[in-house]
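The values are calculated or read from the model by the stated rules, or taken from the named source; none is laboratory data. Note that this is a predicted model, so its numbers are computed, not measured. Neighbour counts are summed over all protein chains in view; Cβ atoms, including those assigned to glycine, are modelled from backbone coordinates with ideal geometry.
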Amino acid sequence: MTDRDSNAKQEHSGGLLARLRRPSVKYSLGGLLAAGIVIGVLGWGGFNTVLEATNTEKFCISCHEMEDNVYQEYKETIHYTNRTGVRATCPDCHVPKDWTHKMIRKIQASKEVWGKLVGTIDTREKFQAKRLELARNEWKRMKASDSRECRNCHGFDSMNTESQKQRARKQHEMAREDNMTCIDCHKGIAHHKPEGMTEADEE
């Protein structure tokens, strides 16, 4: 690049910055501000609409990989149907409620979209082959967050252990004393345990 080209490039970039700093001849500052607010509100509203649409059970089971496998198992559990009629849906257990952790989880979930595109688990056989790996990833995530999503509904402080069966009461008292988290004992609570689990997986 010659000095002349370099100078022309600097002048062009300097001219662009100067133009951006210069007040608009056509539009008032108020008009530009109003347009910016409208665009911002529409953009944020659209983003949140899409975000909430992806936080529904209907969305979660829109691919056959989930509907044909883990969803069928979940339908056999107390989280799906029970005497009180309170149901925990897929996002209740797998998507954090607070915005920051929800965004982090959504970014992590982009790997799942890639898996869908390349057909990583598009058959029952492929799903079963990867099931233990998928389960371990989710158990690790839940343990790292101290079973945050479980605690949206279940908390030691709100448990009436006197109403629990003796074994459950004893286990919960020990768990509280040892600072254990829900997923330490409750793997397989909403889905079948994968084949090939080790003793370490059961701990």
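Can you find even one residue in the stretch 155-167 that is within 22 Å of Asn69 (Cα to Cα), surrounded by 12 or more Cβ atoms within 10 Å (Cβ to Cβ), within 25 Å of the chain's Cα centre (by Cα) and touching a residue at least 12 places away in the same chain (Cβ under 8 Å)? Within the stretch 155-167, none of the residues are within 22 Å of Asn69 (Cα to Cα), surrounded by 12 or more Cβ atoms within 10 Å (Cβ to Cβ), within 25 Å of the chain's Cα centre (by Cα) and touching a residue at least 12 places away in the same chain (Cβ under 8 Å). Would you mention how many residues in the stretch 59-93 are of a type in the set (Lys, Arg) and out of contact with any Ser or Thr (no Cβ under 9 Å at 6 or more places or on another chain)? Residues in the stretch 59-93 being of a type in the set (Lys, Arg) and out of contact with any Ser or Thr (no Cβ under 9 Å at 6 or more places or on another chain): 1 in total.
For the stretch 174-203, a tally of residues being charged (D, E, K, R) and either under 23 Å from Phe127 (Cβ atoms) or surrounded by 14 or more Cβ atoms within 10 Å (Cβ to Cβ) (or both) returns 6.
Looking only at residues of the stretch 5-61 that are over 30 Å from Tyr71 (Cα atoms) and acidic (Asp, Glu), we find that the one that is modelled with the lowest pLDDT is Glu11.
Could you grab me the full set of residues in the stretch 57-70 that are free of Cβ contacts under 8 Å to residues at least 40 places away in the same chain and within 17 Å of the chain's Cα centre (by Cα)? Of everything in the stretch 57-70, those that are free of Cβ contacts under 8 Å to residues at least 40 places away in the same chain and within 17 Å of the chain's Cα centre (by Cα) turn out to be Glu57, Lys58, Phe59, Cys60, Ile61, Ser62, Met66.
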